[in-house]
1. Amide H neighbours of B:L52 under 5 Å, at least 5 residues apart or on other chains, H built in the peptide plane: list them.
2. Provide the FRET efficiency to the nearest 0.05 for the A:D64-B:A13 pair, computing r from the beta carbons and using R0 = 45 Å.
3. One quarter of the convex hull surface, Cα atoms only: what value does that give for the range A:28-107 in nm²?
4. Quick one: net charge of A:L131's neighbours, Cβ under 12 Å, K/R +1, D/E -1?
5. Could you work out how far the C-alpha centroid of the range B:19-95 sits from that of the range A:83-146, in angstrom?
6. Hey, for a label at B:K80 modelled as a point 7 Å past Cα toward Cβ, could you say which residues of the range B:16-59 have their backbone N under 11 Å away?
7. Starting from 0 in steps of 5 Å, tell me what percent of the Cα-Cα pairs of the range B:12-95 lands in each bin.
8. Per q in 0.06, 0.07, 0.08 Å⁻¹, report the Debye log10 I(q)/I(0) for the protein assembly as shown, using one uniform scatterer on each alpha carbon and no solvent.
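The numbers here are math on the coordinates, done by the rules we state, and not lab data. Note that the structure is a prediction, hence the values are computed from the model and not measured. Here the Cβ is made from the backbone with ideal geometry for all residues, glycine too, and neighbour counts use every protein chain on show.
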Amino acid sequence: MSDLKPLPSLNMASATIGAIQIQERTDLELASVAARRGHKADCVTQLEILLGRAPDIGQVVTHDDQFGFWVGRHQWMLCCSSQSFSDLASDVKAEFRDTASVTEQSGGWVALDVSGSTVCDMMERLCNVPLRKLGSHQVQRTMIHQMNCFALTLAPEALLILGPRSSAASLYHALTVAARSIA
Amino acid sequence: MIIDHPLLGPRDASEFVYLGDASLIDRPNPDTEDASHAFYEYAYLRDNPAGLHRELWFHEAGDRSWLVVTRNTETHEITKVEFAKDVARLAGRSL
């Protein structure tokens, strides 16, 4: 096991603006899974082994320290909250073998926890995700200030935003400006 | 304008990007003798119907799928939305 520590993309402390808290999550490993032709059923079976059940359209499924969510037709993202940072993509590929194409995604995304009683007010200024009726454990891909993001509802009044890591500071800026506008 | 995505349901057209005529799926075979003329027609010539038109849309702020949307160019009414992948496969465009 390596003692290497991942670099945060923002390297800043959490922000509290009004009722909103914004904090980067540096403990997430991500890997995407795309079923190869004719192997969707095999992938669903494997996802059931890993997560308990396969995420259906627009769903997030949590299981112990990992969760997975639906990305597109026959495509999912697997996320693991880990302090060890082994190599999620390699581990997942070993499980799915030739039934799926697995891609390491950890370096592509910044993960921001956004929570607070006014999170819906804030997010409706940023994107068109209907948070108030979305319910828990749902995911929707959306645009925030021209940045393509995933918005995941993992708990009441709490969101996980996955956005492009190379635009992490811009995304953080967009979130803090919106939080300030309702503070 | 609302596009009724086959999996995600009704979504605002602002989430989508328009590519063009769905006939772009029918790329000519470059190995035929008249390939040059076929590619000229494929690249430059388009029908411009007043009425039903099949067009390609990309769900950029969504599941990133390519869709074939049948839209009435006179009323903007959308009568059919299909995955481009399914359309292409039905036409024998994919292995």
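1. Excluding prolines and chain starts, which carry no amide H, the hits are B:T73.
2. Working: r = 40 Å, r/R0 = 0.89.
Taking R0 as 45 Å, the efficiency between A:D64 and B:A13 is 0.65.
3. Working: hull surface 18.7 nm².
Directional mean of the projected Cα hull area for the range A:28-107 stands at 4.7 nm².
4. Details: positive: A:R125, A:R132, A:K133; negative: A:D121, A:E124, A:E157.
Result for the neighbourhood of A:L131: 0.
5. Between the Cα centres of the range B:19-95 and the range A:83-146 lies a distance of 31 Å.
6. Only B:53-55 pass the distance filter.
7. Going from the shortest bin to the longest, the percentages are 3, 14, 20, 22, 20, 13, 6, 2, 0.
8. Calculated log10 I(q)/I(0) at the listed q: -0.24, -0.32, -0.41.
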